[in-house]
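As structure tokens, the structure follows; a few thoughts come after it.
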Amino acid sequence: MSIKWGTLKTAEQIEQEEAIANFKSNRQSQLDSAIVTISTGKSFDADEKSITRLHNAITYIDKHNATSIPWSTADVGSGVMINCTSEEIIEAHRLAVENMTALWTLEEAP
């Protein structure tokens, strides 16, 4: 058995890698459970899958000139659909993306 000295890590490097791994894990957990509340008081799931769904709804709204769309918001039971205006969907998407951006931004190196 031989030791490859060039691949050994210092305690500081190991601590930094652990801090980054913890940051990523915490960040993902926060994103997975994220909810945003828009100006009309409705709450929307803001995880990555929901952001995609909101974007798809905006595409539908744009393509079909829809003024509202049925949506299951985070503040009603799962599968319960309520009408949301196109403006509400657009605002929810914007807030969800802003929230994701804030969570994904590492303010200083761990």
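The values are calculated or read from the model by the stated rules, or taken from the named source; none is laboratory data. Owing to the predicted nature of the structure, the values given are computational and were not obtained by experimental measurement. All Cβ positions, glycine included, derive from the backbone under ideal geometry; neighbour counts span all protein chains shown.
Pairs are defined by a Cβ separation below 7 Å, a sequence spacing of at least 6 or placement on different chains, a first member in the stretch 16-43 that is on the phi < 0 side of the Ramachandran plot and among the aromatic types (Phe, Trp, Tyr), and a second member that is modelled with pLDDT under 85 and not in a helix (DSSP H, G or I); the pairs so defined are Phe23/Leu106; Phe23/Pro110.
Return yes when Ala74 is out of contact with any Asp or Glu (no Cβ under 6 Å at 6 or more places or on another chain) and small (Gly, Ala, Ser) and no when it is not.
Answer is no for this residue.
Candidates are the residues of the stretch 86-98 that are crowded, with 16+ Cβ neighbours inside 10 Å and free of Cβ contacts under 8 Å to residues at least 60 places away in the same chain; the one that is farthest from the chain's Cα centre (by Cα) is Ser86.
Condition test on Ser68, is it within 15 Å of the chain's Cα centre (by Cα), at pLDDT 80 or above, small (Gly, Ala, Ser) and surrounded by 14 or more Cβ atoms within 10 Å (Cβ to Cβ)? No.
Residues are listed down the side, and each one gets a yes or a no for (1) on the phi > 0 side of the Ramachandran plot; (2) touching a Lys or Arg at 6+ places or on another chain (Cβ under 9 Å); (3) not polar (S, T, N, Q):
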{"site": "Ala46", "(1), (2), (3)": "no, no, yes"}
{"site": "Thr52", "(1), (2), (3)": "no, no, no"}
{"site": "Thr59", "(1), (2), (3)": "no, no, no"}
{"site": "Lys63", "(1), (2), (3)": "no, no, yes"}
{"site": "Asp75", "(1), (2), (3)": "no, yes, yes"}
{"site": "Val80", "(1), (2), (3)": "no, no, yes"}
{"site": "Asn83", "(1), (2), (3)": "no, no, no"}
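No other residue among Thr40, Thr101, Thr52, Thr73 is in a helix (DSSP H, G or I) and surrounded by 10 or more Cβ atoms within 10 Å (Cβ to Cβ) apart from Thr52. Condition check for Ala102 on (1) at negative phi; (2) free of Cβ contacts under 8 Å to residues at least 40 places away in the same chain; (3) more than 22 Å from the chain's Cα centre (by Cα): one failure, at (3).
For the stretch 76-85, the tally of residues that are loosely packed, with under 11 Cβ neighbours inside 10 Å and either at pLDDT 95 or above or within 20 Å of the chain's Cα centre (by Cα) (or both) stands at 2. Of the set (1) touching a strand residue (DSSP E or B) at 6+ places or on another chain (Cβ under 7 Å); (2) without any contact (Cβ under 8 Å) to a residue 40 or more places away in the chain; (3) in a helix (DSSP H, G or I), all apply to Asn83 but (3). Taking the listed residues Ser39, Ser78, Ser43, the one that is among the hydroxyl-bearing types (Ser, Thr, Tyr) and in contact with a helix residue (DSSP H, G or I) (Cβ under 8 Å, 6 or more places away or on another chain) is Ser39, with no other qualifying. Collect the residues in the stretch 60-80 that are in contact with a strand residue (DSSP E or B) (Cβ under 8 Å, 6 or more places away or on another chain) and not β-branched (Val, Ile, Thr), keeping them in residue-number order. Tyr60, Ser68, Pro70, Trp71, Ser72, Ala74, Asp75 - these are the residues of the stretch 60-80 that are in contact with a strand residue (DSSP E or B) (Cβ under 8 Å, 6 or more places away or on another chain) and not β-branched (Val, Ile, Thr).
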